1. For Ser23, which sequence-distant residues (separation of 5 or more, or a different chain) have an amide H within less than 5 Å of its own amide H, given hydrogens modelled in the peptide plane?
2. Under unit Cβ charges (Lys, Arg +1; Asp, Glu -1), what dipole magnitude, rounded to 20 debye, does region 1-103 have relative to its Cα centre?
3. Between beta-carbons, use under 14 Å as the cut-off and find the net charge around Val26, counting Lys and Arg +1, Asp and Glu -1.
4. Could you tell me which residue out of Phe84, Gln116, Met37 lies farthest along the dipole of the chain toward its positive end? Charges go on the beta carbon: Lys and Arg +1, Asp and Glu -1, centred on the Cα centre.
5. Please arrange Lys79, Lys86 by counting, for each residue, the other beta carbons lying within 10 Å of its beta carbon, fewest first.
6. What is the order of Val68, Val101, Val108, fewest Cβ neighbours within 10 Å to most?
7. Show that you can apply the helix-only estimate: for the chain, add -39,500 (n - 2.57) for every DSSP H stretch of four or more residues, divide by all residues, and state [θ] at 222 nm to the nearest 500.
8. What ranking do Arg5, Arg21 get, fewest neighbouring Cβ atoms within 10 angstrom at the top?
Amino acid sequence: MQGTRSNSQLFGWLFFGLSGRISPAVYFLAGLLVFVMQLFPIYRIMLAPEGSAAAQGWGLAFLAAVLVAAWANFALTGKRLHDFGKPAGWAAVTLIVGFIVFIVLSFVKGDAGPNQYGQRTNAPA
């Protein structure tokens, strides 16, 4: 990835930006991280006493995690589609058929060399 950006900027770009391209491996690993992020509040809800304020708080945290994960998945998939030379708008379809698309995009290579969305894979445009 580019050396002129800090790690926090790259993290923000990876999960929230729509420009650039990412490889299958980065897509898969980032997708797993987003999935685990959604599981943690569920784990905490299960540990909290039923009906307690803690359970309600973790329920709200889970809702927030789902909303953030939906955008992160959209952004990741958009950048992965850019690696095929396709627009990020197609990522909206993955909100419906996400799991199948996630598996396919995690293992199929994109366009070799530069395309209209970037010079190389795993870098912002």
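Laboratory data are not the source of any read-out in this text; all were calculated from the coordinates shown. For clarity, every value in this text was computed on a predicted model and none was experimentally measured. Here Cβ is always computed from backbone atoms with ideal geometry, including for glycine, and neighbour counts include all displayed protein chains.
1. Sorted by chain and number, the residues that satisfy this are Asn122.
2. 320
3. Result for the local shell: +4.
4. In the chain, that residue is Gln116.
5. Listed from fewest to most nearby Cβ atoms, that is Lys86, Lys79.
6. Working: Val68 15, Val101 19, Val108 11.
Final ranking by Cβ density, sparse to dense: Val108, Val68, Val101.
7. -22500 deg cm²/dmol
8. Lowest to highest Cβ neighbour count: Arg5, Arg21.
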